[in-house]
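Notes follow the structure.
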Amino acid sequence: MSRAGPPRARRSYREATARRRLAGVLDAGSFEERLGPADRVTSPHLAALDLPVAFDDGVVVGSGRLGGRRVLAASQEGAFLGGGVGEVHGAKLCGILAAALRERPAAVLLLLDTGGVRLQEANAGLVAVSEVMRGVLAARAAGIPVVALIGGGWGCFGGMGIVARCCDTIAMSEEGRLGLSGPDVIEETKGVEELDAADRGLVWRTYGGKHRYLLGEADRLVEDDLDAFRAAAIALASVPRPIGIEALSREHDLLARRLAAHGAATDAAAIWRDLVGATFEELPLLEADEFLRAVGGARLEAR
Amino acid sequence: MERLEFELPSARPAAAGGAPVVVGVVASGNLEILVERAEAPDRCRFAVSTSAHGFGPVWRAVLEDFAARRAVAGLAFSVNDAGATPAVVGLRLEQAAEEFLGAAP
C-alpha cells in the first residue's frame, strides 16, 4: 500500500507511557482496561511505608484487538518506582495470565518496563514474580502465545528478565535492555573494573536489543517506534513456540554451542566480531533494518 | 503522606464527560490525576495525597485558580503527588480536564 505525503513521523515507544504504548500497539480504540485507576486497587505496602501510591499500581491490564484478533495485554509503567513488581502489580500480571486460560485469546502481550522486584515490598514481589513465571508457562502449555515487548527506559531486569525469557517470543529495540543483574548492580557489587555502568556503549552492547538478537534471545529487533513494535507484535502473536522436551533439548544445545564458541569473550564486541566478521564495529550505528540486513543469518539460533 | 481535600465553586462544563480518565504518572516531580463524575452541580471536588508536607496553601491557590478558570463543576479530581511543582500541577489539571471533557473550549 503506498501513501502520498511526507513520511510518517516516528512515535517513540520508549518515551510513551504504559497506557500510550498499549494504545499504540493494539488496534486503535480497542483496549478495555480491567482493574483500572478508578477501582483504586493500590499497594498496601507503600501506604504502610507512607510512600505515594499509583491508582493502577504501575501496571495496566486488559483486553483488546491486535490485527483484528482478540488478545489480553499488560503494560508496566517504568516511571512509577522503576516498573517494580509489588504485590498488587504482580497479582494483576498473574490475573491477566490466568484469564488467558479461561478466555483463550489469540495471544497475551506483556509490555515490560521494569527493574524487577519492587524493593519496598520485596518478599511479596518475589513471590509475585515467581507466580508470573508460572502463569506464563501455564498459558504457553495451553497453546496461547505469550509475547514480550521490551523497549522502555528501564529495559527488563531481575526476575522479570527471567519472565521475558519464559515467554514464547521477544521483540525489543536496541535501547530496550534485557538482563538479570543490571549494570549498576554489577558495578556496585563487583567493581567498576568488571562493568562501568556509565559507559552507555558498553551497557547497550551487553544488554541491548542488538546483542540479544545476535545471541538468539530476542526474536525481533525493531526501531524505537510504536508502529514497529505493533508490527512485530502482530507477527509474533501467531508464532507459538511449543515447549516440550525436544524444544528444551534444542535450547540446551544452543547454550552449549554458545559457551563453547564464545565463553572466553570478555566483551560483547568479541562475539559480534566472531559472528558477523570485520564489519562488526559498524553495527552499533545502524538502524534496525540496516542492522538486520548487515547481520543476515549470522546469529545464534536453536536448531 | 499529607492528605488534603478541597471543594471549590466552578462553572458547569459544556459536555458531561464519560468514563474516568487518568493522566500523568507518580514519579519524582510528577503526579497522576484521576477524573471522575461527582454529584455536586456547582462545585468541584479535589482529593490530594502528596509526599511534600506543608504546602496546603499552595495547593489551594493552584486549585482555586484552576476551578475559576475552567468549567469543571460536577467533577472529582483525585491526585497522587510525588512532589510536582505548582506549574506541573497546573498543566496536569488542564490535561486532565481536556481528556475528560474533550477538547478545550
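Read-outs: derived from the displayed coordinates by stated rules, not from any lab. Here the structure is a predicted model, which means the values were calculated and not measured. With ideal geometry, Cβ positions are generated from the backbone for all residues, glycine too; neighbour counts draw on all protein chains shown.
Points to keep in mind about this one:
- Dipole magnitude of segment A:156-297 about its Cα centre (Cβ charges: Lys, Arg +1; Asp, Glu -1), debye to nearest 20: 580 debye
- Dipole magnitude (debye, nearest 20) for chain B, charges at Cβ of Lys, Arg, Asp, Glu: 120 debye
- By DSSP, the beta bridges lying fully in the protein assembly as shown are antiparallel in about 55 percent of cases.
- Overall form of segment A:106-172: oblate. Here a/c, set by the Cα gyration tensor axes a ≥ b ≥ c, is 1.5 or more, and a/b is not larger than b/c.
- Viscosity 0.890 mPa s, temperature 25 °C, Stokes-Einstein D of segment B:2-101 from Kirkwood C-alpha radius, µm²/s: 187 µm²/s
- Degrees separating the helix B:56-69 axis from the principal Cα axis of chain B, which is the longest one: 20 degrees
- Listed residues A:188, A:15, A:121, most fluctuating in chain A (Gaussian network, C-alpha, under 10 Å): A:188
- As a proxy for reagent exposure, A:211, A:89 were ordered by neighbouring Cβ count within 10 angstrom, fewest first; the result is A:211, A:89.
- Prolate/oblate/rounded label for segment A:118-215 (Cα gyration tensor, a/c 1.5): oblate
- FRET efficiency estimate (nearest 0.05) - Cβ-Cβ, residue B:65 to residue A:184, R0 25 angstrom: 0.05
- Taking N as the residue count of the protein assembly as shown, its C-alpha radius of gyration divided by 2.2 N^0.38 Å amounts to 1.06.
- Normalised contact order of chain A, rounded percent, pairs of Cα under 8 Å and 6 or more residues apart: 15 percent
- Taking Cβ atoms as reference points and 11 Å as the exclusive limit, the residues near residue A:207 contribute a net charge of +2, counting Lys and Arg as +1 and Asp and Glu as -1.
- Length available on full extension from residue A:298 to residue A:28: 0.36 nm per residue minus the Cα-Cα distance, which gives 93.6 nm.
- Remark: the residue A:290-residue A:227 segment gains 20.9 nm on full extension, using 0.36 nm per residue and subtracting the alpha carbon distance.
- Each of residue A:10 and residue A:106 was given a label point 7 Å from its Cα along the Cα-to-Cβ line. The distance between the two points is 2.7 nm.
- Inter-chain Cβ neighbour average for residues A:53-60, partner chain, 10 Å: 4
- Stokes-Einstein, applied to the Kirkwood radius of segment A:176-303 over Cα pairs at a viscosity of 0.692 mPa s and 37 °C, places its translational diffusion at 204 µm² s⁻¹.
- Modelled FRET efficiency - R0 41 Å, residue A:262 with residue A:123, Cβ distances, 0.05 increments: 0.65
- Mean residue ellipticity at 222 nm, helices only, the protein assembly as shown: -11500 deg cm²/dmol; runs of at least 4 DSSP H residues each add -39,500 (n - 2.57), and the sum is divided by the number of residues.
- Intensity falloff of segment A:30-92 expressed as log10 I(q)/I(0), Debye formula with alpha-carbon point scatterers, at q = 0.16, 0.22 Å⁻¹: -0.52, -0.86
- Principal axis dimensions, segment A:60-144 - Cα atoms, whole angstrom, descending: 38, 24, 15
- Charge-dipole axis of segment B:2-101 as Lys and Arg at +1 and Asp and Glu at -1 on Cβ define it, positive-most pick from B:33, B:76, B:13: B:13
- Three-way shape call for segment A:197-259 based on the alpha-carbon gyration tensor, with the a/c threshold at 1.5: oblate
- Inter-chain Cβ neighbour average for residues A:36-43, partner chain, 10 Å: 4
- Spin-label model distance (nm) - residue B:85 vs residue B:42, 7 Å beyond Cα toward Cβ: 3.8 nm
- Net charge dipole size for segment A:1-132 [Lys, Arg +1 and Asp, Glu -1 on Cβ; Debye, nearest 20]: 880 debye
- Label-to-label distance, nm, for residues given as residue B:95 and residue A:251 (7 Å Cα→Cβ offset): 3.9 nm
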